[in-house]
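Here's the structure we're looking at; comments come further down.
Only the coordinates and a few stated rules stand behind these numbers; no lab work does. All values reported here derive from a predicted model rather than from experimental measurement. Cβ: placed from backbone, ideal geometry, glycine included. Neighbour counts: every protein chain shown.
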């Protein structure tokens with residue numbers, strides 16, 4: 001059955017959702033923190049070369065090393081968090097715990113994209129013996145060769161030699177053995193790793209939309225987690241509800257909200273600037289959609305004053321009314337779960 005290919009999910013909630021949708025499927029293959037989600041060029045795991053056929057199956061265990069030569073790699077951490085490794089770089093998996101993964105940047109550079117971080121969860125990256133706790137959704141850059149820990153967007157707490165400093169967007173700390181001193185940097189500078197990460201973020205958002213639409217149209221339950229998409233040959237993050245912006249400006253939809261995807265991408269041209277103001281109460285990449293009352297059998301009111309009218313179930317009326325410039329979307333069959 002083709003639908004069985006859609007679900008390799010992470011965590012108890014995600015796995016339960018997959019099994020509800022696809023009884024008896026081989027969906028029990030989980031994406032744990034440390035799962036290698038993409039490789040390009042020369043990439044090795046503990047000295048053994050990795051290729052695209054091993055994507056989704058290779059997982060870093062504690063103390064294992066992922067290294068690149070002339071190549072790059074993408075690793076999944078907790079749901080909604082991606083680590084990307086640049087050329088001639090190396091990381092060590094410290095802990096693959098789902099709610100508190102820890103990675104050590106041993107050599108070269110790495111970038112961490114945080115699309116979703118629960119308040120009770122931990123997320124730590126170490127470098128040169130210092131510990132950086134990532135505290136918010138955002139984008140973080142690490143360079144072990146230069147001793148740099150930079151916050152492009154978000155907030156981090158850096159601890160080294162018993163001293164701790166918090167830094168926000170546009171600030172970095174250079175580990176030199178001296179007292180920690182946050183300094184400004186050009187957060188608009190785009191190096192090779194940043195540009196590659198931006199492209200990967202776009203592909204992941206497209207895979208998310210494809211996965212969410214498939215689940216929505218089949219009807220059934222789902223949970224927040226990693227879901228395997230065979231058409232993109234990678235895992236993508238699926239929010240449990242609502243939708244979220246990545247720090248690169250690409251949206252990730254839950255199945256209940258994926259019906260808004262065409263309008264969102266048309267309105268924003270496919271991306272939203274980093275740390276800009278979103279629609280309907282979104283700011284800095286996360287939030288919730290404000291709901292307007294639903295009138296009639298479909299969705300009425302459309303987009304108004306920057307927000308959406310929310311409709312967890314939509315039937316015969318489709319999208320109807322308000323919209324942009326009063327025209328909105330006029331429905332035929334609509335959507336039904």
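Relative contact order for the range 32-189: 14 percent, from Cα pairs under 8 Å spaced at least 6 residues apart, divided by residue count.
Taking 1.002 mPa s as the viscosity and 20 °C as the temperature, the Stokes-Einstein diffusion coefficient of the range 130-264 based on its alpha-carbon Kirkwood radius rounds to 128 µm²/s. Each residue in 140, 203 was given a count of other beta-carbon atoms within 10 angstrom of its own, and listing them fewest first yields 203, 140. Using a ≥ b ≥ c from the Cα gyration tensor of the range 40-95 (square roots of the eigenvalues), is it rounded, prolate or oblate, where a/c under 1.5 gives rounded and otherwise the larger of a/b and b/c decides, a/b for prolate? In terms of gyration-tensor shape, rounded.
Panel order for 237, 196, by other beta carbons found within 10 Å of each beta carbon, from fewest to most: 196, 237. The Rg/Rh ratio of the range 104-194, with both radii computed over alpha carbons and Rh defined as the Kirkwood radius, is 0.93. A simple packing score, the average count of other Cβ atoms within 10 Å per residue, orders the peptides 180-192, 54-66 as 54-66, 180-192, with the highest score first. Shown for 100, 160, 124: other C-beta atoms within 10 Å of each C-beta, ranked fewest to most, produce the order 100, 124, 160.
The distance linking the range 164-194 with the range 78-94 is 18 Å (Cα centroid to Cα centroid, whole angstrom).
A quarter of the convex hull surface defined by the alpha-carbon atoms of the range 32-189 gives 8.5 nm² as the mean projection. How many percent of Cα pairs in the range 189-253 exceed 19 Å? Roughly 32 percent, once rounded to a whole number.
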